[in-house]
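One structure coming up, written as structure tokens, with questions to follow.
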Amino acid sequence: MKVKEPFVVAGPCSVESREQLFSIVESLQQLSKVSMIRCGVWKPRTRPGGFEGLGEEALQWMCELKSEERYKGVRFACEVARPEHIVLALKYGVQAVWIGARTTANPFMVQELAEALRGSEISVMVKNAPSPDVKLWMGAIERFLNEGITNVWAIHRGFDLYKNSGYRNAPLWEVPIELRRAMPEIPIICDPSHIAGRREPLQQLSQTALDLGFDGLMMEVHPQPSVALTDSYQQLHPDDFKLLLNSLVLRSTEDIVIDEELRLLRGQIDQIDDQLLHLLEERLSVSVKIADVKERSNMAVFQPKRWDWVLTQRLELASQLGLDSDFVKEIFEKIHAESVRTQQESIK
């Protein structure tokens with residue numbers, strides 16, 4: 001069964017000097033699995049005062065590097081946030097640009113960037129916005145497609161939540177999975193560096209992404225990570241990056257059922273899902289009857305004490321059954337929200 005090799009983009013968070021850029025390219029071009037070098041050129045930070053990139057000077061070094069015989073064929077990608085960034089990226093022959101998370105969250109700016117790229121054959125990679133809003137992510141991608149950009153990719157870099165479960169940005173894998181379902185023609189690569197925020201989880205996150213059928217990875221790699229001017233905790237040394245790549249297991253994403261046991265188990269899953277949907281329909285029907293009783297009794301739709309009791313009881317049972325409490329809590333919060341909405345509609 002054929003297994004597709006992932007598209008790997010790697011390089012420093014920021015270009016810090018000519019020597020650093022040449023050093024990292026020298027290391028990464030020796031790895032056949034690396035398809036493109038990522039280089040941060042413009043790096044506006046969350047708060048002012050930090051290193052914000054070298055701009056056009058860094059692009060000049062990329063152009064100089066590509067002119068050397070031994071580096072011919074090296075492809076570069078950089079982040080752009082303003083139309084003038086695009087003008088310079090095209091001027092110096094950058095092969096791909098990516099749209100940062102904060103920029104993706106601003107449809108006005110995305111539209112300006114898309115219009116600046118109109119007619120270009122450059123590749124465009126769109127990171128998800130900090131919030132887990134798949135429609136916002138899709139909308140940004142559509143703006144580039146609408147301007148005739150044919151090679152558009154999505155980058156999953158995690159989401160900024162109140163609780164990120166030990167990561168810099170919570171993975172919330174269900175969001176890119178939904179993007180894949182809605183836009184199957186758009187390749188998706190994972191940015192484990194920005195999800196993790198530190199080096200330790202990078203291998204596990206990378207393997208998870210490939211197991212979920214992602215088309216590639218974008219990783220931050222630096223010749224001296226400990227002294228990097230930006231994101232020092234999440235960048236890998238080239239040697240460690242090589243070890244990580246070699247540790248990854250590639251599996252087929254082709255859905256070819258050749259095992260009868262798997263076929264039977266999937267059949268069981270389908271039956272259980274049917275039962276769940278019928279039970280949900282039955283539960284909401286009871287909610288409508290409850291709404292009628294509440295209206296006649298002049299009761300508010302939402303009863304906090306009752307909801308607290310229900311959730312406590314369900315979580316206790318979940319614990320007895322060995323189910324993850326966060327998973328069960330999220331499910332019942334959604335069920336309860338739909339029940340409240342149904343009761344409100346019924347009373348109207």
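Once neighbouring chains are kept in place and the probe is 1.4 Å, which whole percent of the accessible area of the stretch 141-217 is contributed by carbon and sulfur? List each step's numbers first, then the result.
Details: 1590 of 3300 Å².
Result for the stretch 141-217: 48 percent of the exposed heavy-atom area is carbon or sulfur.
Using only the alpha-carbon atoms, how far is helix 304-320 inclined from the longest principal axis of the chain? Give it as 0 to 90 degrees, nearest 10.
70
While we're here: How would you order 4-12, 50-58 from highest to lowest mean count of nearby Cβ atoms within 10 Å? Don't jump to the answer; show the numbers that get you there.
Working: 4-12: 20.6, 50-58: 16.2.
Descending mean neighbour count gives 4-12, 50-58.
Let me have the relative contact order for the stretch 195-348, percent, based on Cα pairs under 8 Å that are six or more residues apart. Mind showing how you got there, number by number?
Numbers: 84 pairs, mean separation 28.3, N = 154.
Relative contact order here is 18 percent.
Also: Quick check: convex hull over the Cα atoms of the stretch 1-122, volume per residue in Å³, rounded to an integer? Each step should come with its number before you reach the end.
Details: hull volume 17.3 nm³, N = 122.
Expressed per residue, the convex hull around the Cα atoms of the stretch 1-122 is 142 Å³.
Could you give the alpha-carbon Rg of the stretch 57-165 over 2.2 N^0.38 Å, rounded to two decimals?
Working: Rg = 14.9 Å, N = 109, 2.2 N^0.38 = 13.1 Å.
Expressed relative to 2.2 N^0.38 Å, the Cα Rg reads 1.14.
Once amide H atoms are placed 1.01 Å from N in the peptide plane, what residues at a sequence separation of 5 or more from Trp153, or on another chain, have their amide H within under 5 Å of its amide H?
Under 5 Å from the amide H of Trp153 lie the amide H atoms of Val124, Met125, Val126, each far enough along the sequence or on another chain.
Can you tell me the accessible area per residue over the stretch 237-348, all protein chains present, probe 1.4 angstrom, in square angstrom? Before the final figure, lay out the partial values.
On the way: 8750 Å² over 112 residues.
With all protein chains present, the stretch 237-348 gives 78 Å² per residue.
Between the stretch 43-104 and the stretch 287-308, how far is it from one alpha carbon centroid to the other, in angstrom?
Here the answer is 58 Å between Cα centres.
As a check on your grasp of the helix formula, calculate [θ] at 222 nm for the chain: sum -39500 (n - 2.57) over DSSP H runs of n ≥ 4, divide by the residue count, round to the nearest 500.
Working: 13 runs with 170 residues, N = 348.
Mean residue ellipticity, 222 nm, calculated: -15500 deg cm²/dmol.
Please compute, for the alpha-carbon atoms of the stretch 23-82, the extent along each of the three principal axes and give them in descending order in Å.
Here the spans come out as 38, 22, 21 Å, largest first.
Per the 1.4 Å probe, what fraction of the accessible area of the stretch 1-118, in percent, lies on carbon and sulfur atoms?
Values: 2800 of 5630 Å².
Ligands and nucleic acids excluded, carbon and sulfur give 50 percent.
Then there is this: When you count, for each residue, the other Cβ atoms within 10 Å and take the mean per peptide, how do 338-346, 140-148, 68-76 rank with the highest first?
On the way: 338-346: 16.1, 140-148: 18.9, 68-76: 13.1.
Going by the mean number of other Cβ atoms within 10 Å, highest first, we get 140-148, 338-346, 68-76.
Same structure again: Expressed as a rounded percentage, what relative contact order does the chain have, with Cα pairs under 8 Å and six or more residues apart?
Reported relative contact order: 14 percent.
Could I ask something else about it? Angle check, please: helix 134-146 long axis (alpha carbons) against the longest principal axis of the chain (alpha carbons), in degrees 0 to 90, nearest 10.
Long axis of 134-146 versus the principal axis of the chain: about 40 degrees.
Just the accessible area per residue of the stretch 34-184, please: how many Å² with a 1.4 Å probe?
Values: 7200 Å² over 151 residues.
Roughly 48 Å² per residue, with all protein chains present.
What fraction of the DSSP beta bridges in the stretch 87-177 is antiparallel, stated in percent and rounded to the nearest 5? Before the final figure, lay out each step's value.
Values: 1 of 9 bridges.
Counting only bridges with both partners in the stretch 87-177, antiparallel ones make up about 10 percent.
Show the residues, 5+ positions off or on another chain, whose built amide H is closer than 5 Å to the amide H of Arg38.
Under 5 Å from the amide H of Arg38 lie the amide H atoms of Ala10, Gly11, Ala77, each far enough along the sequence or on another chain.
Something else: Output the 0 to 90 degree angle, nearest 10, between the alpha-carbon long axis of helix 202-211 and the longest principal axis computed from the alpha carbons of the chain.
Once rounded, one gets 70 degrees.
Using only the alpha-carbon atoms of the stretch 172-294 as identical scatterers, what base-10 log of I(q)/I(0) does the Debye formula give at q = 0.09 Å⁻¹?
-0.47
To continue, here is another question. Given an 8 Å cut-off on Cα distances and at least 6 residues of separation, report the relative contact order of the stretch 136-196 as a percent. Intermediate results must be reported in sequence, preceding the final value.
Numbers: 65 pairs, mean separation 24.4, N = 61.
That works out to 40 percent.
Let me ask something additional. For the stretch 112-122, just list the computed ³J(HN,Hα) in residue order, Karplus coefficients 6.51, -1.76 and 1.60, θ = phi - 60°, integers in Hz, with x standing in for Gly and Pro.
Couplings: 4, 5, 4, 5, 5, 8, 3, x, 7, 9, 5 Hz.
Still on this model: Across the chain, how large is the tail of the calculated P(r) beyond 38 Å, expressed as a percent of all Cα pairs? Write down the numbers at each step before the final one.
Details: 17890 of 60378 pairs.
Cα-Cα pairs of the chain separated by over 38 Å account for 30 percent.
Okay, next question. Out of Arg168, Arg18, Arg306, any idea which swings most in a Gaussian network model of the chain, alpha carbons joined below 10 Å?
Arg306
May I ask you to order 107-113, 159-165 by the average number of other C-beta atoms within 10 Å around their residues, highest value first?
Details: 107-113: 16.4, 159-165: 12.4.
The peptides rank, most packed first, as 107-113, 159-165.
A follow-up question, please. Non-local amide H neighbours of Met218 (under 5 Å, H modeled in plane, Pro and chain starts lacking H): which ones?
Here Val9, Cys190, Asp191 satisfy the definition.
Across 5 Å bins from 0, what is the distribution of all Cα-Cα pair distances for the stretch 223-347, in whole percents?
Percent of pairs per bin, in order: 2, 8, 10, 11, 11, 9, 9, 9, 9, 9, 7, 4, 2, 1, 0.
The values are calculated or read from the model by the stated rules, or taken from the named source; none is laboratory data. Computed from a prediction, not measured in an experiment: that's the story for all the values here. For neighbour counting, all protein chains shown are included, and Cβ atoms are generated from backbone atoms with ideal geometry for every residue, glycine included. Surface accessibility is based on the protein's heavy atoms, side chains included, excluding ligands, DNA and RNA. Shrake-Rupley method; radii C 1.70, N 1.55, O 1.52, S 1.80 Å.
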